[in-house]
Amino acid sequence: MVIAAELRPPRAELAATEGMDAWIDTYHAVRGLTSRGVPVFLTDSAVGLREEDNLRHLIANLDERVPRECVVPFLTAKHTLEYCLSYSERAWQHAFTSLVVLGGDKHVGPPRCVEHAWQLRRAIREREPRLALGGWANPNADAARQVAYMTDPGYTAEFYLTQIVSHHALEPVSRFLEATRAAGVTLPGLFGVFYYRSANPTTLQTLSRFLPVPVEALTREFAEGATAAEIAARTIRTLLGLGVRHFYVSNLPLARAAETLDAILERVDAPGISPARPGTASSRAGAR
């Protein structure tokens, strides 16, 4: 079983001092999580916003205590092809062993350098074959089509992450799981769980532009007194009941990332899941 965290680098447009403070929080979050054995994914242009070069900052600032195999940068196709290929070389040269390679949102920001993420993964595999590459799947989309993508020989991935899912929308997840089992999919997958910090309607509506958000159900849960940690834990508990065993938690607050993840896992209260205290190894990037 793997419990990972997904963090966002600071936005590129932040002022120098503000950006530096944000990166300090990022480094503390990465160190705090990896010291607990929690793999960390670092996004690239999440929700359409241009972010700082995640790999450049990791190379410059992570100290030797942080295991590189537990830090997995995202790379989207929303750069030039040469940048992406050079990025993969830099990652391996600096002891990062995995990348998650995605297409990126077509509707915002710069255009993709290739039409589909698998094309970029294939090009990276040719340039730097030693990297383990992660792909993407969306349980909220047509299950048969998603499985067809994943079982195509050109998919070029050792593992995959899914779009955010929720305990409020289980039918698509069930269909996706049934389709992967029927097709004999053996790639390990980490299912996305979002840490909704509040029921702020403006925030939820903005998020709805990029991922499926059960706005009414979430608003009702918060109104009934559920905490953000409990709501995230409900999704993990429900997915465990469907047979899912690997997860990544998105939107953790940087300044309290490890503590917040601990609070979520305490509320899951299921066999095999417990808070990942410093020095333990409850999860590893080896989900691949």
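The values are calculated or read from the model by the stated rules, or taken from the named source; none is laboratory data. This is a predicted model, so every value here is computed, not measured. Here Cβ is always computed from backbone atoms with ideal geometry, including for glycine, and neighbour counts include all displayed protein chains.
Okay, residues lined up against (1) at pLDDT 65 or above; (2) within 21 Å of V72 (Cβ to Cβ):
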residue	(1), (2)
R234	yes, no
L254	yes, yes
A258	yes, yes
L265	yes, yes
A285	no, yes
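From the residues in the stretch 192-232 that are closer than 14 Å to N251 by Cα and aromatic (F, W, Y), which one is surrounded by the fewest Cβ atoms within 10 Å (Cβ to Cβ)?
Only one residue tops the list, namely F210.
When the stretch 119-135 is examined, which residues are found to be surrounded by fewer than 21 Cβ atoms within 10 Å (Cβ to Cβ), without any contact (Cβ under 8 Å) to a residue 60 or more places away in the chain and not acidic (D, E)? Outline the logic, then answer.
The first filter runs over the stretch 119-135 and keeps only residues surrounded by fewer than 21 Cβ atoms within 10 Å (Cβ to Cβ), leaving 119, 122-123, 125-132.
Okay, now just the ones that are also without any contact (Cβ under 8 Å) to a residue 60 or more places away in the chain, so 119, 122-123, 125-131.
Listed by number, the residues that qualify are Q119, R122, A123, R125, R127, P129, R130, L131.
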